[in-house]
Amino acid sequence: LDSRDDKWKPREGMYLSGAVEVAGLGGDARFLGLTGSAAKWFPLPWDTAFIIRGTIGQLFELGEDIPISEKFFLGGLDSLRGFEARSVGPRERRPKRENHIRLFGTPYTIKRLGKSDEKDVVGGEKELYFNFEYLFPIMKEAGIRGVLFVDTGNAYGKGDTFFSDMRYDVGFGVRWYSPFGPLRLEWGKNLNPRDDEKGSNFEFSMGRSF
């Protein structure tokens with residue numbers, strides 16, 4: 001469903017999309033993936049607009065573990081903009097590293113058992129995030145608009161529930177619908193950064209809209 005008044009610069013209307021992915025007919029991975037997204041534009045005075053967008057997805061095992069390459073990772077320009085790309089989701093502690101030494105000319109490997117304090121994002125089997133935006137003209141004739149936004153969401157493990165441990169960011173940006181395609185420059189602030197996370201994130205893209 002697409003009732004937007006303009007594909008690149010909408011101010012009103014709705015856009016709904018969904019996808020079904022089935023892996024297992026060829027290759028090693030076997031899983032079912034379902035994702036859905038909805039966005040609604042509300043026109044406001046002075047050629048401004050307010051946007052609400054939501055995305056939900058879930059992966060289902062079909063007899064085998066889901067490869068990490070197929071899991072959900074949030075963060076970055078298309079989901080949670082105050083976080084680095086693919087940095088939001090379930091985490092696991094890293095195994096302690098091996099130490100390699102040489103004693104009297106002979107190499108030895110010392111294995112350190114257990115887990116370190118460092119963690120890696122391992123991807124989720126569920127995702128849920130929302131984006132709230134206020135768009136306003138900066139140079140209307142040139143197609144340049146500003147945006148203020150709030151994002152919230154997370155990616156989850158199989159046993160986690162939707163809406164738990166939601167992450168939040170706020171930010172602003174500039175969008176230019178140039179002759180070469182859409183240009184986006186956006187900066188987001190992580191409202192509750194963890195010890196190994198940056199407090200903000202800046203990204204830009206050219207050729208695709210949000």
Within the range 51-73, track down each residue that is within 16 Å of Val170 (Cβ to Cβ) and either under 8 Å from the mean Cα position of the chain (by Cα) or not β-branched (Val, Ile, Thr) (or both). Arg53
Subset of the range 50-88 [farther than 13 Å from Asn201 by Cα, open to solvent by less than 10 Å² (accessible area, probe 1.4 Å) and among the small types (Gly, Ala, Ser)]: Gly57
Residue list for the range 153-179, filter: modelled with pLDDT of 95 or more, open to solvent by 80 Å² or more (accessible area, probe 1.4 Å) and either within 30 Å of Asp65 (Cβ to Cβ) or of a type in the set (Val, Ile, Thr) (or both): Thr161, Phe163, Asp165
Since Lys198 meets every condition but one in (1) touching a residue at least 12 places away in the same chain (Cβ under 8 Å); (2) within 29 Å of Arg11 (Cβ to Cβ), which condition does it not meet? (2)
Matching entry among Thr161, Thr152 (being of a type in the set (Ser, Thr, Tyr), out of contact with any helix residue (DSSP H, G or I) (no Cβ under 7 Å at 6 or more places or on another chain) and free of Cβ contacts under 8 Å to residues at least 40 places away in the same chain): Thr161
Give just the number: which of (1) at pLDDT 80 or above; (2) among the charged types (D, E, K, R); (3) open to solvent by 60 Å² or more (accessible area, probe 1.4 Å) does Arg112 not satisfy? (1)
From the list Pro182, Pro137, Pro107, Pro193, which residue is on the phi < 0 side of the Ramachandran plot, surrounded by 11 or more Cβ atoms within 10 Å (Cβ to Cβ) and modelled with pLDDT under 95? Pro182
Phe42: within 19 Å of Phe130 (Cα to Cα), under 22 Å from the mean Cα position of the chain (by Cα) and not acidic (Asp, Glu), yes or no? no
If I filter the range 9-49 down to residues being open to solvent by 70 Å² or more (accessible area, probe 1.4 Å) and in contact (Cβ under 8 Å) with a residue 40 or more places away in the chain, which single residue comes out as nearest to Val147 (Cα to Cα)? Lys9
Looking at (1) part of a strand (DSSP E or B); (2) more than 20 Å from Tyr156 (Cα to Cα); (3) out of contact with any Ser or Thr (no Cβ under 9 Å at 6 or more places or on another chain), find the lone condition where Trp46 falls short. (1)
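The values are calculated or read from the model by the stated rules, or taken from the named source; none is laboratory data. Computed from a prediction, not measured in an experiment: that's the story for all the values here. All Cβ positions, even for glycine, are placed from backbone atoms using ideal geometry, and neighbour counts span all protein chains on display. Surface areas here come from the heavy atoms of the whole protein model, side chains and all, with no ligands, DNA or RNA. Shrake-Rupley method; radii C 1.70, N 1.55, O 1.52, S 1.80 Å.
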